[in-house]
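The next block holds one structure in the form of structure tokens; read it before the comments.
The values are calculated or read from the model by the stated rules, or taken from the named source; none is laboratory data. This structure is a prediction, so every number in the text was calculated from the model and none was measured. Positions of Cβ are backbone-derived with ideal geometry, glycine not excepted, and every protein chain shown enters the neighbour counts. These accessible areas exclude ligands, DNA and RNA; they are computed on the full protein's heavy atoms, side chains included. Shrake-Rupley method; radii C 1.70, N 1.55, O 1.52, S 1.80 Å.
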Amino acid sequence: MTKAALLSSAALAVFLAVPAASAADLPFRKSPPASAPEPIFTWTGFYVGVNQGFGGAVLDANVNLAGPGVLNNTQTTNRANGFSVGGEAGYDYQFSNNVVLGVETDMQWSEIRASHQATTYSSAAALFGNANIGNNLNWFGTTRLRLGYSFGRLLPYVTRGVAYGEVAANGEQFVGGALFGGSATQTNVGWAAGAGLEYALSENLSARAEYIYVQIPGVNGPAAGFTPAPFPSLVGSFSTGSFGAHLIRTGLNWKFGGPGSLSPDTALSLVTDPPTLDWTGFYVGANGGYGGDRVDALVNLVSALPVATSTQTQNRNSGFMAGGQLGYNRQLSNHVVVGLETDAQWSGVKASHQASNGPGAFTLTDIGNGLDWFGTTRARLGWASGSTLTYVTGGVAYGDVSAHGSQISNGLFSGCATQSKVGWTIGGGVEYALSQNLSLKAEYLYIDFGGVAGTAYGFALAPVSPFVGSFSTGNFTANVTRIGLNWRFGGPSTAPIVAKY
């Protein structure tokens, strides 16, 4: 190799080495670290929560009394309703195939009760009468298995287990100069079954809506009767049928463990988070629920003799309902939503009292009030945060209200009427967007339709001539708890983003 070639090779080596050496002197820059994967939501964990609901039942009772040569049997049927409030605790485990298995126990204060009160005042002593019948579920609890399937943050489930609670019954009746009575309170064990939907609002907080049927055995105890001469005093027993209550309730649960904590910022974010979608648009939906309240009635009759009677009654009404709704929402800003909604409902809400008593001091009573159908047209004012819309609502209510009553007790008395009524309604609810178009809602409404009035007639034993007069009911009201689904029309759209500085 020539001297020139050696010099050329050396120069090339130096030229190649300089950039490499320079690069080695530059500061070393690592690529940014990969972000931690988003934690996968799981239902596994212990939880505690609170709930509130409304429910009712139809209850039967039987009284058997006997004395020398006298047998007396009384059978009654009354409707029950009332609120319940309580708390629950449980544990869920989510398997790899998304099946969720858990156990839950809850305790509830309850004012679910059946009652019938009736008093007849008359200038004829033989027509005077008084009845006071009650059957209460004072408190109850359940311990149940839950079996569900996780669709991410949505958990539909079925549940079944044991139920227990304190049931009380009492009854006193004075009619035709005879007095009958008995009472008892017992703690009994039965069963419960139902189904529900639970949705995770955050990693730890979830909301639920569920239907539970609770059946607890009835009560029994001694009863006594005192009849006018020549009939002797009577002794015997009474028993009630099972207390089977249908309940629709909503609640909130807090799951321990996993990401998240119950900090003030976490709680505040549930209210202040920007909406994840725009609620603006028309929607249609379907709903189902349960409702009831109490109904008063007054009957005034007079005959030509003259003999006058006045009867005051009070009964509880309850029953299922189902229907549909349509409406329009307008999201005015990032949070405020105004809207208008109308709905139409089939209704099984009714009050009823049936009683037969005989053969001594025979009486037969059949009293009922019913809300055959109803609808509402209401304004809605809400606050949107995240996927949740919390709202208040109020407007007009309308429906067919019926009332009837008949009684045989030293005579026959009867009256009935069906009228279309217009009243008012007010309430509130929560709606949660399961997707851009589908939302789940739970709401409470109080509805007042006013009363019903009509003509009443009476025929008493001689020498009293026929009666004629009128009857009227107090306002037919209902506490309505219902759950529904809405479908919002229009393509997916997200809420406008407002910059924060």
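Per residue, the accessible area of the stretch 176-236 comes to 40 Å², computed with a 1.4 Å probe over protein heavy atoms only.
Ranked by the mean number of other Cβ atoms within 10 Å of their residues, highest first, the peptides 87-99, 214-226 fall in the order 214-226, 87-99. In order along the stretch 285-298, the phi-based Karplus estimate (6.51 cos²θ - 1.76 cosθ + 1.60, θ = phi - 60°) of 3J(HN,Hα) comes to x, 10, 8, x, x, 9, x, x, 5, 10, 10, 9, 9, 9 Hz; Gly and Pro are listed as x.
Taking a ≥ b ≥ c as the square roots of the eigenvalues of the Cα gyration tensor, an a/c ratio of 1.5 or more together with a/b larger than b/c marks the stretch 148-239 as prolate. Over the stretch 45-175, Cα pairs under 8 Å with separation of 6+ residues give a relative contact order of 21 percent. Sequence-ordered 3J(HN,Hα) estimates for the stretch 103-120 from the Karplus curve with 6.51, -1.76 and 1.60 and θ = phi - 60° stand at 9, 9, 10, 9, 10, 10, 6, 9, 10, 6, 7, 9, 8, 9, 10, 8, 9, 10 Hz, glycine and proline given as x. Spatial offset of the stretch 310-328 relative to the stretch 46-111 amounts to 21 Å, using the alpha carbon center of each. Per residue, the stretch 36-100 exposes 47 Å² of solvent-accessible protein surface, assessed with a 1.4 angstrom probe and all protein chains in place. Take 289-296, 109-116 and order them by the average number of nearby Cβ atoms within 10 Å per residue, most first; the result is 289-296, 109-116.
Measuring nothing but protein heavy atoms, the accessible surface of the stretch 367-473 at 1.4 Å probe radius is 68 percent carbon and sulfur. For the set K421, K350, K255, the ranking by accessible area, highest first and with no ligand, DNA or RNA atoms included, is K350, K421, K255 under a 1.4 Å probe. Within the stretch 380-409, which residues have the backbone N less than 17 Å from the label spot 7 Å out from I426 along Cα→beta-carbon, could you tell me? Flagged as within label range: 380-382, 391-398. Distances between placed amide hydrogens fall under 5 Å for S242 paired with G218, all partners being 5 or more residues away or on another chain.
For the stretch 81-229, the carbon plus sulfur part of the accessible surface works out to 65%, probe radius 1.4 Å. The stretch between S333 and A193, if pulled fully straight at 0.36 nm per residue, gains 46.1 nm over its current Cα-Cα span.
For L434, the residues whose amide H sits under 5 Å from its own are S439, L440, ignoring neighbours fewer than 5 places away on the same chain, with H placed 1.01 Å from N.
Multiplying the residue separation of T280 and W383 by 0.36 nm and subtracting their alpha-carbon distance yields 35.8 nm. Computed extension gain for S242 through A344, at 0.36 nm per residue and net of the alpha carbon distance, reaches 33.4 nm.
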